[in-house]
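See structure below.
Read-outs: derived from the displayed coordinates by stated rules, not from any lab. Here the structure is a predicted model, which is why all the values come from computation and not from measurement. Cβ: placed from backbone, ideal geometry, glycine included. Neighbour counts: every protein chain shown.
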Amino acid sequence: MFLALEVALGLLIALFIYNLVHHFFVVVPSRKRLLKMKQNVDSSLKISIQHLNWQYHIIKSNELSDVWGRGILVFEYVIDFKENDNIKKIRTSLSNELKQFGTGYKYPKQFIITDAFKYNNYVHIDIAYLVNQSTLDYVKDINKLK
């Protein structure tokens, strides 16, 4: 009886230590990297929209890595555009501007708009930041669905 209690207590302590180490050596650095990449995409999107001289207000932005898995650098933006252009024109213009931004400015990797649609008078845009293989695989899979 006492041996079983010691084994159970030892397993609980080992599980606790594993989770603690995992949190500080995997989760925290991963979260910091994701936030840094999101800041890069945020600033790229804002500058690209400003270059197009569009009136806009970003309502919210989310990481889609919670949905698609760790390492996927895709971010969703909900934007209130004052432009009355159709979604296809918005997507094309913004996509071209983001491609120029990705190659000509301080972020050497490219940005790709993987999805764009209007819902409740807001434009929803998903932008992939192509800096790792997981994100490239995600974009390939999304393109297969189209």
So which chymotrypsin sites (Phe, Trp or Tyr not before Pro) in segment 114-146 are both in a DSSP loop and have at most 14 other Cβ atoms within 10 Å of their Cβ? none
Mind listing the long-range amide H neighbours of THR114? Cut-off is under 5 Å, sequence gap 5 or more, other chains count too, H placed in the peptide plane at 1.01 Å from N. ASP126, ILE127, ALA128
Relative contact order (%) - criterion: Cα under 8 Å, at least six apart; region: segment 8-146: 21 percent
For segment 115-146 and segment 1-61, compute the distance between their C-alpha centroids and round to whole Å. 21 Å
Helix 87-104 sits off the longest principal axis of the Cα atoms of the chain, rounded to the nearest 10 on a 0 to 90 degree scale, by 70 degrees
Over 25 Å (Cα to Cα) among LYS38/LYS99; LYS46/LYS144; LYS82/LYS140; LYS46/LYS146; LYS36/LYS82 -> LYS46/LYS144; LYS82/LYS140; LYS46/LYS146; LYS36/LYS82
Using only C-alpha positions, report the orientation-averaged shadow area of the convex hull of segment 35-145, nm², one decimal. 6.7 nm²
